[in-house]
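Data first, discussion second: the structure below is written as structure tokens.
The values are calculated or read from the model by the stated rules, or taken from the named source; none is laboratory data. All values reported here derive from a predicted model rather than from experimental measurement. Cβ atoms come from the backbone with ideal geometry, glycine included; neighbour counts cover every protein chain shown.
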Amino acid sequence: MKTLDKQIGAPMNRVDGHQKVTGAAKYSAEYELPGMSYGVLVGSTIAKGRIAHIDTKAAVGAPGVLAVITHLNSPQVPGFKPTGKDPSQPQTVGGPLKIFHDDKVRFNDQPIALVVADTFERARYAARLVMAHYTQETHQTNMAAGAKDAFLPTSAQKNPKSPMADYQRGQADAYKTAALKIEQEYVIPTEMHHPMEMQAITAHWEAPDRLTIYDKTQGTIGTRRDFAKEWNLPEANVQVIATFVGGAFGNALHSWPHESAAIIGAKVVGRPVKLMLTREQMFTQVGYRPYTWQKVGMSATADGKITAITHESIGQTSTYEEFTESTLAQTRMMYQSPNLTTRYRIAALDVGTPIWMRGPGEATGAFALESAMDEMAYLLKLDPLEFRLRNYTDQDPEKNRPWSTKFLKECYRAGAERIGWTKRKLEPGALRDGDWLVGYGMGVGTFGAHRGAAHVSAQLLPNGTVVLQCATTDIGPGTGTAMTQIAADTLGLPPEKIRFELGNSGFPQSGSQGGSSTVNTVGQAVQDACMALKDKLRELAAAGAPAFASAKKEDVALANGYLTLGSNAATRVPYADLLKQPGAALVNVESKPTGNDGQLYSMYSFSVHFAEVRVHALTGEVRVSKLVSCADAGTIINQKTAANQMKGGAVGGIGMALMEHAIIDDRYGRYVTKDFADYHVPVHADAPAVEVYFVNQPDLHVNALGTKGIGEIATIGVAPAIANAIFNATGKRVRELPITPDKLV
Amino acid sequence: MNSEPDVPANHDENRRTFLKQSSLLTALALVPGPVVSAAAAKLDERVADAFEKIPLSLKVNGVKHKLSVEPRATLLDLLREQLHLTGTKKGCDYGQCGACTVHVDGQRVNACLSFAVMHDGQEITTIEGLADGDKLHPMQEAFVKHDGFQCGYCTPGQIMSAVACVREGHAGSEGEIREYMSGNICRCGAYANIVAAIQDVKQGGQKV
Amino acid sequence: MNQFQYVRPTKPQAAIDAVAKDANAKFIAGGTNLVDLMKRGVMTPQKLVDINRLPLAKIERQGNTLRLGALALNSAVANDAQVRERHPLLSLALNAGASPQLRNMATVGGNMLQRTRCTYFYDLSMPCNKRQPGTGCGALEGINRMHAIFGFSDKCIAVHPSDMSVALVALDATVLVSGPKGNRQLAFADFHRLPGDTPERDSNLEPGELITAVDVPDSPFTKHVHYQKVRERASYAFALLSVAAALDLDGNTIKAARLAMGGVAHKPWRLTAAEQVLVGKPATEDTFRQAATVAMQGAKAFKHNAYKLRLAPNTIVQALKTAAAV
């Protein structure tokens, strides 16, 4: 009998590849519903103030228009009623803006009206006819000015143990009195997620109290909760479908005004409403990586031991939600510094709310920390890799406990070898290839290996296929594929016999796809569900299958699609045959971390990125000629999709390092970067060969699969690796991203 | 006949009257003022519907379509919203991402930047028309094999562009492929795998 | 987008008549810029005259010139054997612009007539004298890192975004125009305008005039040419600035030179004085630097584009170095 190949770790093709290459994969604006109508949002043209007058007459009268909804005529949304909280206090992150609820304008391009028409062209035209007049108030969109009023996030004010609270070990700001020290400021501009699929929703009230939305979301359950609450409906009455999500990178982790608007619109016109944002609106209405100012002070001994680090940061948020992220987390645990201070603040500006963008705060923080490491190494005339090795931590210096696993040294070794680190010269500007200056740099990344709770159901069908269901989503990493591999191995079935269904809030619950946690969480739940299903099959076999008449449950073995009994080769029953007898082969399990590994160990994924760059001596253009990304991410479920994710994260890091910046003209409080012509993201020609190396050692403290997560560490550390390489090539240290030619020429 | 001999049909006086009103409406819309003419509200929707549209013949993926469309409908919106061929994606709507790439008479173009009526009588191929029945096109096969995508949203555009890239003779080297595929953005960053897929097809020598 | 009347003539005269008699009519060819601007409400023509079926797409030799039909596609021109052989600079410039898809749509005439990419021009809520005369220039005191360093006025500091036009101005091309008053020719250098007090006018075309062709005269610039485009990413981006350089070398001595810049002015910016500096001198970096210094005379920067004062001369030097292969 042929033994099935092991699927975990294999470079299996994606299970949904066929749908994606044929155009059959349906995204949220691609469902056909009878009576479909189209929604187009009108945005404010001021950043702060009140709508004094809004004239919708022309729009209402335009051909095909079904409704024009503003704060003057929007239906009462039950969830928008005042909560009784002090309205002068900002709510903490999570609640969407209450659209069309009042006359207040909180940021530029805030939606102030929704036009619904029978065709897209007509809706778009009528939207131009809506005229608003404002009572303008003085806005503040400038971070340098806003930072003067930066404050400790409310969560940290309330809870001194919050990761956003000030952190201290050893002596405060000890670097200041040291002989060998650096002190530098670093800036990350506002960056936009810009997934290729613009945010879109199709909202359909199937009955007055039953809502279905086809929505771009990273979490069907969270989205269902938000909109059930908004309409005061039982969660069971709201269905969220997100079978395919055209990228998100974090911006679908929050419910946004356009989603509320489409649902309101569908309610008003009594027809399904399809609404896709424009690329301009993607800048203003669905979050972004916040502009962040940072300062790092660092001191070291002459032989390269860090004695102190102080890392401060101020990130941007909106006036109506407090957004925070873990900008300083990496600094507290990455290097062995006896004295360490972190201070995190946020500044509220008249802008939309930020949201975590790939790598989130850690990627922002790593730019400052890893640039500072490079600066310190240069001051000490030390190789930056050697400097990092001298400050390597064998246990978590923040929490004083062992790492669950840490193979970062192995990553250093593998990466240095692959990039050809020995070619690097200590002094910048020493390597040249024609008109191009060549340099090498490195940057380290880390992100918590998070595991949450998830439910997964597994059912054996009469045709021998096992169907697994979970409400989780796949924004691109290949979740369905990884889950299929885990299920195949666990069940002893070929992958063709597994069907993993996701992206529907009607399926067993899971958290959102974010924070590199999906495989850690859902993957383990899949394994657990498959184990439970096997158990169920043994039970069925022992209870009634004639071949196992005398067998005990424990004696029934399952492998390669067959149940067998001990050494008796004659007793061999295909799984599906069990369905010929009474009893359903269906299980639904909840899987979550148990035991106290989370308290005993610090669990992180680690990465290091090595960059080779070329900087044109005259024009200042930068080309990343080679990247090597090495990851200690635990068990790799699929070599092909995991490597793809690493390469993609590296490309995101190139964008962050070299070209991405969203710019506001503060006079108007309005973005002047409005589309892909002025907000550049990397294209094919910017993407070098990226060599990926996985340590591929399981971390069994995280889960039984041993996975730690890839998505974030793929990006964290890439931007500083490139910035450091540019310094090595040119001698120019650019501390404000992106490093565009104007900063080097 | 007047100086516009090849005007599509339905070009009569009622239509002119409507368009005059429509012009007025637009002109007013651009004047930031408290009042947009009430005349705008008087438009009879049914009349508008009848006179806004003009006939259009298109062959899409080998199928002939006789359509009646508003001139302002782009080829992209026509494909997605009227023909329900949603494989062609809207990624920016301004010709800045390539997600809407289709072939018009064999040449790759951005469907978002042309009006459908401009393609009267032309032949359009979308991602849905690339495979030969159930048999995937070699480029589609190669994208699956090399994992030339993640979220899949830019993929149809990448594949349509990749096929054209090979046909045009611009797949000679990795560098040339990168340059000639730069009109197709992949935010997931699957670029290296896409290039590998194209090289594979090119080197395989299959007919594309 | 407003509804509009759509007509598709097959004879140039019919197209000209259709636009000449209607102030709200526009020609549409590739549509790559016009459709974009219409979607955003920046341009709101009431009538579109589709000229794609006019017989103006040929690329053919006429005596000592290569005649590019106004409707010849950017990709067709870039790949044309005669263009590559006789005017490789044009081919390079075209291929540095946009993307393969857009080059398959955009035409010679449309490329010349593309409007500025200034963000204030694109955003209806911002002031812009080009879009709405009299509202002011948003860029003057605004975010002006992409803006002009030559030839601007206090009404407008926008730049012309075309790459192709930079090569054509360097190659002394001639624009052939047909209009209600008949045919006329304009030197390419006189086709585009500086903003002055009328930034709403990009070119010297009169109402109803249709570009029918561009003539590129034979020249000795068939070998030592380069189009150097500096942008924020490696491809598919508008230029921070660009340089078209063409040299005719006798050994190492420069017999003749052509230089033009893009992304620095409201029109493709021919650098005639710098060309003079080059003639008769050896093709060395030193010579190129002298020319670059002359080229920069009169340049003036704004708050965010001072880098162009450093980048432009460097890019001129680099373009010349590459053209001369030194």
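When segment A:58-92 is examined, which residues are found to be at pLDDT below 65 and surrounded by 13 or more Cβ atoms within 10 Å (Cβ to Cβ)?
A:P90, A:Q91, A:T92
Which of the residues that make up segment A:63-78 are in contact (Cβ under 8 Å) with a residue 40 or more places away in the chain and within 16 Å of A:G265 (Cβ to Cβ)?
A:G64, A:V65, A:L66, A:A67, A:V68, A:I69, A:T70, A:H71, A:S74, A:P75, A:V77
(1) surrounded by fewer than 24 Cβ atoms within 10 Å (Cβ to Cβ); (2) in contact with an Asp or Glu (Cβ under 7 Å, 6 or more places away or on another chain); (3) within 9 Å of another protein chain (Cβ to nearest Cβ): which one isn't true of A:N644, the others all being true?
Every listed condition holds for A:N644 apart from (1).
Checking A:Y31 against (1) touching a Lys or Arg at 6+ places or on another chain (Cβ under 9 Å); (2) more than 8 Å from chain B (Cβ to nearest Cβ); (3) closer than 30 Å to A:V351 by Cβ: exactly one of these is not met. Which one?
Against the list (1) touching a Lys or Arg at 6+ places or on another chain (Cβ under 9 Å); (2) more than 8 Å from chain B (Cβ to nearest Cβ); (3) closer than 30 Å to A:V351 by Cβ, A:Y31 comes up short only on (3).
Going through segment A:465-480 one residue at a time, which ones are under 20 Å from A:N644 (Cα atoms) and surrounded by 24 or more Cβ atoms within 10 Å (Cβ to Cβ)?
Matches in segment A:465-480: A:T473, A:D474, A:I475, A:G476, A:P477, A:G478, A:T479.
Could we say that A:T319 is surrounded by fewer than 24 Cβ atoms within 10 Å (Cβ to Cβ) and under 29 Å from the mean Cα position of the chain (by Cα) here?
The answer is yes for A:T319.
Starting from residues that are part of a loop (DSSP other than H, G, I, E, B) and in contact (Cβ under 8 Å) with a residue 24 or more places away in the chain, keep the ones in segment B:55-81 and report whichever is surrounded by the fewest Cβ atoms within 10 Å (Cβ to Cβ).
Here the residue is B:G62.
Mind checking which residues of segment A:336-349 are out of contact with any helix residue (DSSP H, G or I) (no Cβ under 7 Å at 6 or more places or on another chain) and either free of Cβ contacts under 8 Å to residues at least 24 places away in the same chain or surrounded by 24 or more Cβ atoms within 10 Å (Cβ to Cβ) (or both)?
A:S337, A:T341, A:Y344, A:I346, listed by residue number.
Tell me which of these B:R178 doesn't satisfy, since it passes every other one: (1) part of a helix (DSSP H, G or I); (2) within 30 Å of B:K64 (Cβ to Cβ); (3) within 14 Å of chain C (Cβ to nearest Cβ).
So the condition that B:R178 fails would be (2).
Is segment A:180-188 home to any residue that is farther than 30 Å from A:L66 by Cβ and free of Cβ contacts under 8 Å to residues at least 24 places away in the same chain?
no
Considering only segment B:181-192, how many residues are under 22 Å from B:C92 (Cβ atoms) and part of a helix (DSSP H, G or I)?
Qualifying residue count, segment B:181-192: 1.
Restricted to segment A:200-226, and to residues that are assigned to a loop (DSSP other than H, G, I, E, B) and in contact with a strand residue (DSSP E or B) (Cβ under 7 Å, 6 or more places away or on another chain), which residue is surrounded by the fewest Cβ atoms within 10 Å (Cβ to Cβ)?
Going through the qualifying residues, I end up with A:K216.
Does segment A:101-111 contain any residue that is at pLDDT 95 or above and either among the hydrophobic types (A, V, I, L, M, F, W, C) or not assigned by TED's automatic domain parsing to the domain that holds A:F227 (or both)?
Yes.
Applying the selection to segment B:132-169, what residues are closer than 17 Å to A:N644 by Cα, touching a residue at least 40 places away in the same chain (Cβ under 8 Å) and either among the small types (G, A, S) or at the interface with another protein chain (Cβ under 7 Å from one of its Cβ atoms) (or both)?
Scanning segment B:132-169 gives B:A142, B:F143, B:K145, B:D147, B:G148, B:F149, B:Q150, B:Y153, B:C154.
How about segment A:723-738: which of its residues are closer than 25 Å to A:F606 by Cβ and within 13 Å of chain C (Cβ to nearest Cβ)?
A:L737
Each row is one residue, and each column tells you yes or no for (1) over 30 Å from B:M181 (Cβ atoms); (2) of a type in the set (S, T, N, Q); (3) outside the structural domain of C:A15 (by TED's automatic domain parsing); (4) without any contact (Cβ under 8 Å) to a residue 40 or more places away in the chain.
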site: C:R231; (1), (2), (3), (4): no, no, yes, yes
site: C:A245; (1), (2), (3), (4): no, no, yes, no
site: C:L271; (1), (2), (3), (4): yes, no, yes, no
site: C:T287; (1), (2), (3), (4): yes, yes, yes, yes
site: C:A301; (1), (2), (3), (4): yes, no, yes, no
site: C:Y307; (1), (2), (3), (4): no, no, yes, no
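Just to check your reading of the model, which residue among C:F288, C:F238 is within 26 Å of C:R103 (Cβ to Cβ) and among the aromatic types (F, W, Y)?
C:F238
What number of residues within segment C:12-32 are more than 7 Å from every other protein chain (Cβ to nearest Cβ), assigned to a loop (DSSP other than H, G, I, E, B) and surrounded by fewer than 22 Cβ atoms within 10 Å (Cβ to Cβ)?
Adding up the residues that qualify gives 3.
Take the conditions more than 13 Å from chain A (Cβ to nearest Cβ) and either hydrophobic (A, V, I, L, M, F, W, C) or crowded, with 22+ Cβ neighbours inside 10 Å (or both) and apply them to B:V109. Does it pass?
Criteria met by B:V109.
Looking at this structure, is B:G172 closer than 19 Å to C:S75 by Cα and away from chain C (no Cβ under 13 Å)?
It is true that B:G172 is closer than 19 Å to C:S75 by Cα and away from chain C (no Cβ under 13 Å).
Among the listed residues C:T253, C:T272, C:T222, C:T293, identify the single one that is surrounded by fewer than 18 Cβ atoms within 10 Å (Cβ to Cβ), away from chain A (no Cβ under 14 Å) and under 18 Å from A:T619 (Cα atoms).
Step by step, each of C:T253, C:T272, C:T222, C:T293 is checked, and only C:T293 is surrounded by fewer than 18 Cβ atoms within 10 Å (Cβ to Cβ), away from chain A (no Cβ under 14 Å) and under 18 Å from A:T619 (Cα atoms).
Does segment A:379-387 contain at least one residue that is over 28 Å from the mean Cα position of the chain (by Cα), more than 17 Å from A:H609 (Cα to Cα) and outside any loop (DSSP other than H, G, I, E, B)?
yes
Among the residues of segment A:689-711, which ones are part of a loop (DSSP other than H, G, I, E, B), surrounded by 21 or more Cβ atoms within 10 Å (Cβ to Cβ) and within 14 Å of another protein chain (Cβ to nearest Cβ)?
Scanning segment A:689-711 gives A:I710, A:G711.
Do we find that A:P720 is away from chain C (no Cβ under 14 Å), in contact with a Ser or Thr (Cβ under 7 Å, 6 or more places away or on another chain) and surrounded by fewer than 24 Cβ atoms within 10 Å (Cβ to Cβ) in this structure?
So A:P720 fails the test.
Being farther than 17 Å from A:Y175 by Cα and of a type in the set (D, E, K, R) is the filter here; which residues of segment A:309-337 pass it?
Across segment A:309-337, the qualifying residues are A:E321, A:E322, A:E325.
Please work out which residue is nearest to the other protein chains (Cβ to nearest Cβ), limiting yourself to segment C:110-156 and to residues that are closer than 14 Å to C:G262 by Cα and among the aliphatic types (A, V, I, L, M).
C:M146
Report, by residue number, each residue of segment A:34-56 that is out of contact with any His (no Cβ under 8 Å at 6 or more places or on another chain), in a loop (DSSP other than H, G, I, E, B) and either within 11 Å of another protein chain (Cβ to nearest Cβ) or of a type in the set (D, E) (or both).
Matches in segment A:34-56: A:M36, A:S44, A:T45, A:T56.
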